[in-house]
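Chemist: Take a look at the following structure, please.
Taken together, the values in this text are just the output of simple stated rules run on the coordinates, not laboratory data. Bear in mind that the values here come from a model prediction, so they are computed numbers and not experimental data. Here Cβ is always computed from backbone atoms with ideal geometry, including for glycine, and neighbour counts include all displayed protein chains.
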Amino acid sequence: MSEQTVALVTGANKGIGFEIAAGLGALGWRVGVGARDDGRREAAVEKLRANGVDAFGVPLDVTDQASVDAAAAQLDRLDVLVNNAAITGGAPQEPTLVDPETVRTVVDTNVLGVIRVTNAMLPLLRRSAHPRIVAMSSSVGSLARQTGGGEVGPISAAYSPSKTFLNAVMIQYVKELGDTDIRINMGCPGYVATDLNGHRGLRTPEEGAAIAIRLATLPDDGPTGAFFDDAGEVPW
């Protein structure tokens with residue numbers, strides 16, 4: 001690109017989101033750190049800038065439409081959107097025990113939040129020469145893996161189905177925007193040690209961020225409408 005590429009990463013104040021921002025910034029991109037907590041957001045921006053990243057803060061609560069609209073209004077251009085913000089909903093998540101309100105809350109962030117942000121940012125992305133949308137999903141959202149005989153995560157009536165729902169929604173974006181230049185893909189970071197799982201994961205946030213960075217930097221003839229992890233395509 002002749003101009004500096006601009007990206008927005010949601011949930012970028014820590015963990016995988018922070019490392020995605022760091023990785024994209026290392027490419028010379030200008031990176032928006034989307035996060036709802038003012039203190040954590042600004043601390044992340046300062047840390048990124050100290051490491052040479054052209055970072056800026058974007059106040060953003062994906063569950064609040066007014067916040068999402070304000071974030072979009074703050075930007076004058078956008079080339080890449082990484083929908084990373086997510087929550088697990090906590091325990092219990094056995095379907096016989098889960099509080100339906102927990103499911104609602106998880107879906108509001110993990111699915112509806114992505115819809116809010118994507119729709120608000122689409123006018124900007126449509127003006128980009130090389131637009132990309134990356135949605136951070138998870139292999140626990142793969143119905144094929146959940147029913148294939150192997151153990152993929154704990155029993156989860158909120159988090160896992162939210163990722164299945166997210167994949168299904170993103171495919172609808174692919175169908176609607178198929179006649180545009182926007183490349184849309186889902187990425188699984190693997191089992192990463194973050195606050196999301198009490199740091200029980202086996203991978204580092206840097207390792208988890210790699211798939212999002214790869215999908216954000218796809219060439220113009222790269223894939224769209226697919227689900228990837230570091231090993232390749234993930235079955236639906």
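Chemist: What distance in nm lies between label points placed 7 Å from Cα along the C-beta direction at A70 and T147?
Modeler: Here the modelled spin labels are 4.4 nm apart.
Chemist: How do W29, W236 line up, fewest other C-beta atoms within 10 Å first?
Modeler: Exposure proxy ranking, most exposed first: W236, W29.
Chemist: Give me the number: length gained by fully extending Q172 to T96, i.e. 0.36 nm times residue separation minus the C-alpha to C-alpha distance, one decimal in nm.
Modeler: 24.3 nm
Chemist: Another question about this same structure. Compute the FRET efficiency between K47 and R126 as 1/(1 + (r/R0)^6), taking r as their Cβ-Cβ distance and R0 = 35 Å, and round to the nearest 0.05.
Modeler: With R0 = 35 Å, the Cβ-Cβ based efficiency is 0.65.
Chemist: Based on Cβ point charges of +1 for Lys and Arg and -1 for Asp and Glu, what charge dipole magnitude is obtained for the chain about its Cα centre, in debye rounded to the nearest 20?
Modeler: The dipole of the chain has a size of about 80 debye.
Chemist: Continuing with the same structure: Here are a few candidate values for Cα extents along the principal axes in Å: (1) 66, 55, 32; (2) 48, 38, 31; (3) 52, 40, 33. Which one was actually calculated from the structure I just gave you?
Modeler: (3)
Chemist: With everything on Cα atoms, drop me the angle between helix 65-74 and the longest principal axis of the chain, reported from 0 to 90° to the nearest 10.
Modeler: 30
Chemist: In the chain, once you exclude exposed GluC sites (Glu not before Pro) (DSSP loop, at most 16 other Cβ within 10 angstrom), what's the longest stretch remaining?
Modeler: 4-150
Chemist: So between T63 and I155, what do we pick up on full extension, going 0.36 nm a residue minus the alpha carbon distance?
Modeler: Stretched out fully, the T63 to I155 stretch lengthens by 30.6 nm.
Chemist: Quick one: T105, T96, fewest Cβ neighbours within 10 Å first, how do they rank?
Modeler: Ranked by crowding around the Cβ, least crowded first: T96, T105.
Chemist: Exposed loop sites here are trypsin sites (Lys or Arg not before Pro) in DSSP loop states with at most 12 other C-beta atoms within 10 Å. What is the longest stretch of the chain lacking them?
Modeler: 1-126
Chemist: With r as the distance between the Cβ atoms of D220 and A26 and R0 = 25 Å, compute the FRET efficiency 1/(1 + (r/R0)^6) and round to 0.05.
Modeler: E between A26 and D220, to the nearest 0.05, is 0.70.
Chemist: Right, another one. For the chain, what relative contact order do you get, as a whole percent, if you take Cα pairs closer than 8 Å and at least 6 residues apart?
Modeler: It rounds to 19 percent for the chain.
Chemist: Check cross-link reach from K47 to the lysines: straight Cα distance under 22 Å, and skip same-chain residues fewer than eight apart.
Modeler: Reachable lysines: K14.
Chemist: Another question, if that's okay. Which is farthest toward the positive dipole end of segment 1-155 among G28, Q65, V134, measuring Cα position about the Cα centre, with Cβ charges +1 (Lys, Arg) and -1 (Asp, Glu)?
Modeler: Final value for the positive-end residue is G28.
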